[in-house]
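Enquirer: I have a structure here, written as structure tokens, and I will follow up with some questions on it.
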Amino acid sequence: MLRNEESSELGDTSLSWSCDIVESQNVEEDPCKKYERLLTSLSGPPLELQCRAAEEIRFLSKDDDEARSYMGANGFIHMLVNFLRSAIDACNAQAQETGALALFNIAVNNNRNKAAILAAGAVPLLLELLDSETSEAAVAVLLMLSSLEDNKASIGASGAIPSLIKLMDSESSQCRQDAINALYNLSTFKGNRSYMVSAGAVSRLAHLLVGAEGDCTEKCLTILYHLAAIEEGRATISDTEGCIGAIADILDTGTPNAQEQAAASLLLLCTNSFEHSQMVLREGVIPSLVTLSMNGSPRGRDKAQKLLQHFREQRQRDVSCQSSTAVCTPQTSIYGESLKEKKTTHRTTSKKIGRTLSLFWKSKSFAFYQC
């Protein structure tokens, strides 16, 4: 199950004082005095007292938008970030998780608090936790923060991307899902895409596509689509073994949304690149694209039709090139190449593509694409 804005809790921790806090909430207490008491407890040692306060803040902000707004406007975020720093320094995993969960709940459905948590310096602390036993709580907070457009550039520049990519292989399914969704959010900001490519996102995504299902497949494909929008992304996708094949397979096996993302990614990859087009054609995508162009979602049909048209135009240029080469009489081109050798190489390539396409271009069933 993927985490979203409606999920304002990550699950109960085994803190010894949790039951006491629940009981204390049943005792009437003036709200102003309660918040003042929590801030005072959170501001100083001992760490156990701070933990109790942070846990109570976590419970209070779980399902209460007004409590989140009040806490965000009255210094709770800054104090929680300071508490998280103390918990890390003390190597107290229980306190670390408590602080992260409290920040998570305060951020739910509150963009102002998401911005304030980042501004308070929480991200570097969360990155320290990504390699610890509290990684699940830390990545959940990063996912929440990355959903705010204004936070995406700062999170990407913080060095979070390599750690999130590593967590795509986590043994925890929730951790994997949150890492993928955080990377999805970050990939929508153009400035983060080169970070993701250089950090090895493409090979991890290609690996996940094999056997992935549902929303995970769609998110991975969408990230690849965003990466294919930049030159280094396209180059890495084409150079990564099995990546184009994994995308092509989705044209047959994926959901309608996944199929349209796969077609869109391949279209980006092939546009203005003869080499990439050849690589895609070698995966035998034509039958799948024809089916998608007739039976897919509106966007899927559009992308499939454009990709088929691209291959058709490329084939026409290829045939035209062969015809113009055939009427040339000099034995050497202006580039010093042997014309005979050039013809042979070109003919071999053309035959490979031609055999793949000819049945479809000539068939009456696919006359639409011959227009």
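The values are calculated or read from the model by the stated rules, or taken from the named source; none is laboratory data. In this text the structure is predicted, and so the values were computed from the model without any measurement. Cβ coordinates were reconstructed from backbone atoms using ideal geometry, including for glycine residues, and neighbour counts include every protein chain displayed.
Enquirer: So, of the residues in the range 231-246 that are of a type in the set (A, V, I, L, M) and without any contact (Cβ under 8 Å) to a residue 40 or more places away in the chain, which turns out to be farthest from R204 (Cα to Cα)?
Expert: A235
Enquirer: Okay, moving on. Residues of the range 14-43 being at pLDDT below 65 and either surrounded by 16 or more Cβ atoms within 10 Å (Cβ to Cβ) or among the acidic types (D, E) (or both), which ones?
Expert: Result: L15, S18, D20, I21, E23.
Enquirer: Go through the range 82-106 residue by residue and tally those that are out of contact with any Ser or Thr (no Cβ under 6 Å at 6 or more places or on another chain), crowded, with 22+ Cβ neighbours inside 10 Å and either of a type outside the set (S, T, N, Q) or under 18 Å from P31 (Cβ atoms) (or both).
Expert: Total satisfying the criteria: 10.
Enquirer: Let me ask something additional. Answer with yes or no whether S170 is at pLDDT below 95 and touching a helix residue (DSSP H, G or I) at 6+ places or on another chain (Cβ under 7 Å).
Expert: Here the answer is yes, as S170 does meet what is asked.
Rundown of residues vs (1) over 21 Å from E128 (Cα atoms); (2) outside the structural domain of L145 (by TED's automatic domain parsing); (3) touching a residue at least 24 places away in the same chain (Cβ under 8 Å), yes/no style:
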| residue | (1), (2), (3) |
| --- | --- |
| P31 | yes, no, no |
| E36 | yes, no, no |
| L47 | no, no, yes |
| L60 | yes, no, yes |
| M79 | no, no, yes |
| A87 | no, no, yes |
| L101 | no, no, yes |
| N105 | no, no, yes |
| N109 | yes, no, yes |
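Enquirer: Filter the range 150-168 down to the residues that are surrounded by fewer than 17 Cβ atoms within 10 Å (Cβ to Cβ) and under 14 Å from the mean Cα position of the chain (by Cα) and list them by number.
Expert: P162, K166
Conditions tested, residue by residue: (1) under 18 Å from the mean Cα position of the chain (by Cα); (2) surrounded by fewer than 23 Cβ atoms within 10 Å (Cβ to Cβ); (3) of a type in the set (K, R).
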residue	(1), (2), (3)
A116	no, yes, no
L125	no, yes, no
S132	no, yes, no
V139	yes, no, no
L143	yes, no, no
Q177	yes, yes, no
A182	yes, no, no
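Enquirer: Is it the case that L221 is under 15 Å from L269 (Cβ atoms), touching a Lys or Arg at 6+ places or on another chain (Cβ under 8 Å) and touching a residue at least 40 places away in the same chain (Cβ under 8 Å)?
Expert: So L221 does not fit the description; no.
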